[in-house]
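S.K.: Okay, handing you the structure first.
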Amino acid sequence: MSWGTELWDQFDNLEKHTQWGIEVLEKYIKFVKERAEIEINYAKQLRNLSKKYQTKKNSKEEEESKYTSCKAFQTTLNEMNDYAGQHEVISENMTSMIMAELTRFVQELKQERKTNFHEGRKTQQHIETCWKQLESSKRRFERDCKEADRAQQYFERMDADINVTKADVEKARQQAQIRHQMADDSKGDYSSVLQKFNHEQQEHYHTRIPAIFQKLQDMEEKRILRMGESLKSYAEIDRQVIPIIGKCLDGITKSAESINAKQDSQTVIESFKSGFEPPGDVDFEDFTQSMKRTVSDTSLTNTRPDGKSEPKIPGKSRGKLWPFIKKNKPPPPPPASASPSAVPNGPQSPKQQKEPLSHRLNDFMTSKPKIHCFRSLKRGGATPEDFSNLPPEQRRKKLQQKVDELNKDIQKEIDQRDALTKMKDVYMKNPQMGDPASVAQKLIEIGNNIEKLRVEVQKFEGWLAEVEGRLPARNDNSRRQSGLYETQNTAPVNNCAQDRESPDGSYTEDQSQETEVKVTPTEFDDDFDDEEPLPTIGTCKALYPFDGENEGTISVAEGEILSVIEEDKGDGWTRIRRNEEEEGYVPTSYIEVYLDKNAKGAKTYI
C-alpha cells in the first residue's frame, strides 16, 4: 500500500499526521532527558551517601575499621559508590546514544518534511493554475459561442426586414461571421487547454503527488523504525550495567559473608589487651592478731628455704606514694645476656604471687587516662608523645603505627626529592625551560624534612624497642617457671617513671617537670624522713649480678641473700634491704623471692 495511491486526496491530513509523529519523537526525547537527569541525580545522592558514612582519616572510626563487620560495611559503601557509577554510565549513554542522536534525527526529519510539503504545495498550486486556465478558456469559448449565436440571430432578423438597407444587412452578416470565427478560435483554445489540463492532472495525481507522498511515507516509517531502535537501545543501556551492578551486589554479599565474629572478638582482645596478669586470690586478714601496722594488704606467701618464717619488725606504718618520694623507682632494665626468664623450675620456686587488694584498687583508679601520672595532670590530660599513658601492648601498637607513618612520610619526601632532582637536571640541560636555582632551595627544605623525620623515627624506634623488651613473651611456655609476673618486660599503666625515660631506654630525672606538680613539700617529705623502715616480708636470692647504677637501685652479687621489704607491684621491681641500712630496688626477674607466709605484704598506696 502506498500513500500516493490510497491517500491522493489527503494532503492536509498527511501534513498533520507527520507533524504529530515528530512531536511524539520529541516527547520521547524529553522523557529520556528526564530519565538521564534522574539517573545522574540518583548517582550523586548515592555517592554523597557513601561519602557521608566513609571512615574519616585520623579518627576513632579509622581504628574501628579493623573489625570484619566494619570492613564489610566499608566494602558495602565502596560497592555502592561503584553502583552509583553505573547509574552515571546509564545517564551518559542515554544522553549520547539516544538524546543526541534523536535530536539530530528530528532536525533532519523536520527539514525533510518541510521540503516534501513545500514541493507538494507547489504541485498543488500548479494544478490549480492549470484548472483556472481551463475554466477561463471554457468561459471565453462559452461567451464567444453566445455572441456568435446572437450575431447570427441579428443578421437573420435584419435580412428578413424589408425596411433595412442592403448595407445594414451586409454589416450584420459580416458581424455574424466574425463572431462565429471567434467562437471557433475559442473552441480550439479551449480544446488545447483542456488537453493540457488533463495531462497535468494525470501527472499530478499519478506521478507528482504519489512521489511526494511516498517520500513522506518513507520518512514516517523511518521515524517509526528509529524510535523502535531507540527504545531497544534504552533497554540495552540498562542491560549493559546489570552485570556490573550484579558484581557490586555480589561484592556486598561476599563482604557480608566475610564477617567473622570470632575474629572480631580476637581483635577486641588485641586492641584492649594491657599485657598485665590478672590479680590472684586475696588472703584472709586476721585482725584478731595484735599488729603494729594499721592497714596492710595480703600477698602471696612462701616459706624460707629453711622452712622458717621471717620475723616481723615492728615499726611505724609507712604511708608511701612512690611518685612523691625522693627516690623514685627507675625503669626496668633491659634483659641481660643470660635471660632472667630462664629460671630453672626447682623446688624452691614459689607459687604465683597474689595481688594485693589495694593494688587492684590502684589499677582501677589509674585506668583512667587523665590520672595515669602527675605529668598527665600537669598537661591537662594530653597524651604523652611516647604513649606512656597506655598499657604496654597498646603502647607497642601505637608506637609501631607511628613508626610506619613516619616511614611513609619519609618515602613521600624521598619521592618528591627524586622528582625535583630530575626537574633540576632538565633545567640545567635546557635553561629556557626553567631556573635550576628555584628548585635547589626546595631540595634543601626537603632534605631537612627527611633528616627531621629520620630523627623522629629513631626516637620512636627506641621507645618501641624498649616496650618490646618489656612485654611478656606471647608463648605461654616462655613464661617464668617461678610463677611470678614477668614484670621485667611489662610496664605498668601508672608507671610515671616511663615519662622520664629517654628513647634509648636510659633513665633521666626530670626535676623541672616533677616540681611543676603543685605539691607542698612539707606535706610529704617530713613524713617520709621521720618514718621507720618497712618490715621484712621475706627473703630473696640473687640469680644474676646487678650493678644498680641508677638512682633508687641497689647493687647485688649473684647468690647473695637479702631481705624483701616490698614486693613487686607489677612494675618489674622489688624493694630489698641489706644490713638493715642499705635498701633499694632490683629487677624482680633477677632474684628468686621467698615470702613469709605469716608476714603482711608491704602496703601499696594509691
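The values are calculated or read from the model by the stated rules, or taken from the named source; none is laboratory data. On a predicted model such as this, the values are computed, not experimentally measured, just so you know. Ideal geometry is used to build each Cβ from the backbone, glycine not excepted, and the neighbour counts take in all protein chains shown. Note: areas computed on protein heavy atoms with side chains; ligands, DNA, RNA excluded. Shrake-Rupley method; radii C 1.70, N 1.55, O 1.52, S 1.80 Å.
S.K.: Assuming residue 43 fulfils every condition listed in (1) of a type in the set (Gly, Ala, Ser); (2) more than 21 Å from residue 251 (Cα to Cα); (3) in contact with an Asp or Glu (Cβ under 6 Å, 6 or more places away or on another chain) apart from one, which condition is it?
M.R.: Evaluating residue 43 over (1) of a type in the set (Gly, Ala, Ser); (2) more than 21 Å from residue 251 (Cα to Cα); (3) in contact with an Asp or Glu (Cβ under 6 Å, 6 or more places away or on another chain) leaves (2) as the failure.
S.K.: Given the criteria surrounded by 14 or more Cβ atoms within 10 Å (Cβ to Cβ), of a type in the set (Ser, Thr, Tyr) and under 30 Å from residue 2 (Cβ atoms), does residue 190 qualify?
M.R.: no
S.K.: (1) modelled with pLDDT under 85; (2) open to solvent by 10 Å² or more (accessible area, probe 1.4 Å): which one isn't true of residue 593, the others all being true?
M.R.: So residue 593 meets the others, but not (1).
S.K.: I need the full set of residues from region 549-564 which are open to solvent by less than 20 Å² (accessible area, probe 1.4 Å), closer than 14 Å to residue 588 by Cα and assigned to a loop (DSSP other than H, G, I, E, B), in order please.
M.R.: Residue satisfying the conditions is 554 alone.
S.K.: Let me ask something else about it. May I ask you to list pairs of residues, at least six apart or on different chains, whose Cβ atoms are under 6 Å apart, with the first in region 264-276 being at pLDDT below 80 and the second being among the polar types (S, T, N, Q)?
M.R.: Sorted first by the residue in region 264-276, then by its partner, the pairs are 275/490.
S.K.: Return the total of residues in region 72-86 being aromatic (Phe, Trp, Tyr), more than 13 Å from residue 45 (Cα to Cα) and either in contact with a helix residue (DSSP H, G or I) (Cβ under 6 Å, 6 or more places away or on another chain) or open to solvent by less than 40 Å² (accessible area, probe 1.4 Å) (or both).
M.R.: Result for region 72-86: 0.
S.K.: Scan 174, 152 and give me the residue that is among the polar types (S, T, N, Q) and without any contact (Cβ under 8 Å) to a residue 12 or more places away in the chain.
M.R.: None of the other options fit; the residue is 174.
S.K.: Something else: In the list 242, 252, which residue meets the criterion of being surrounded by fewer than 11 Cβ atoms within 10 Å (Cβ to Cβ) and over 26 Å from residue 394 (Cα atoms)?
M.R.: 242
S.K.: Turning to a different aspect of this structure: Output the number of residues of region 423-455 satisfying the condition of being crowded, with 18+ Cβ neighbours inside 10 Å and among the charged types (D, E, K, R).
M.R.: Residues in region 423-455 being crowded, with 18+ Cβ neighbours inside 10 Å and among the charged types (D, E, K, R): 1 in total.
S.K.: Any residue in region 89-106 that is among the aromatic types (Phe, Trp, Tyr) sitting within a Cβ distance under 6 Å of a residue that is surrounded by fewer than 20 Cβ atoms within 10 Å (Cβ to Cβ)? List the pairs, counting only those 6 or more apart or interchain.
M.R.: Taking only residues 6 or more apart or on different chains, the pairs are 105/226.
S.K.: Would a scan of region 268-275 turn up a residue that is open to solvent by 90 Å² or more (accessible area, probe 1.4 Å) and basic (Lys, Arg)?
M.R.: Taking every residue of region 268-275 in turn, at least one turns out to be open to solvent by 90 Å² or more (accessible area, probe 1.4 Å) and basic (Lys, Arg).
S.K.: Just a yes or no: is a residue in region 167-178 of a type in the set (S, T, N, Q) and under 30 Å from residue 120 (Cα atoms)?
M.R.: Scanning region 167-178, I find no residue that is of a type in the set (S, T, N, Q) and under 30 Å from residue 120 (Cα atoms), so the answer is no.
S.K.: Test residue 66 against the stated conditions and say whether it is open to solvent by 70 Å² or more (accessible area, probe 1.4 Å), touching a residue at least 24 places away in the same chain (Cβ under 8 Å), of a type in the set (Lys, Arg) and within 30 Å of residue 263 (Cα to Cα).
M.R.: yes
S.K.: So, one more: What's the number of the only condition in (1) surrounded by fewer than 18 Cβ atoms within 10 Å (Cβ to Cβ); (2) touching a residue at least 12 places away in the same chain (Cβ under 8 Å); (3) more than 30 Å from residue 266 (Cα to Cα) that residue 125 fails to meet?
M.R.: With (1) surrounded by fewer than 18 Cβ atoms within 10 Å (Cβ to Cβ); (2) touching a residue at least 12 places away in the same chain (Cβ under 8 Å); (3) more than 30 Å from residue 266 (Cα to Cα) applied to residue 125, the lone miss is (2).
S.K.: All but one of (1) farther than 16 Å from residue 399 by Cβ; (2) at pLDDT 80 or above; (3) of a type in the set (A, V, I, L, M, F, W, C) hold for residue 484; state the number of the condition that does not hold.
M.R.: With (1) farther than 16 Å from residue 399 by Cβ; (2) at pLDDT 80 or above; (3) of a type in the set (A, V, I, L, M, F, W, C) applied to residue 484, the lone miss is (2).
S.K.: So is residue 204 surrounded by fewer than 16 Cβ atoms within 10 Å (Cβ to Cβ) and in a helix (DSSP H, G or I) or not?
M.R.: no
S.K.: Next question. Take residues that are under 15 Å from the mean Cα position of the chain (by Cα), hydroxyl-bearing (Ser, Thr, Tyr) and at pLDDT 90 or above and tell me which of the helices (runs of 4 or more DSSP H) falling wholly in region 1-98 contain 3 or more.
M.R.: Here the list reads 68-93.
S.K.: Let me ask something else about it. How about region 137-165: which of its residues are polar (S, T, N, Q) and either within 13 Å of residue 179 (Cβ to Cβ) or open to solvent by 100 Å² or more (accessible area, probe 1.4 Å) (or both)?
M.R.: Scanning region 137-165 gives 152, 153, 163.
S.K.: Further question: Open to solvent by 80 Å² or more (accessible area, probe 1.4 Å) and either in contact with an Asp or Glu (Cβ under 8 Å, 6 or more places away or on another chain) or not polar (S, T, N, Q) (or both): is that true of residue 168 in this structure?
M.R.: Taking the combined requirement at face value, the residue does not satisfy it.
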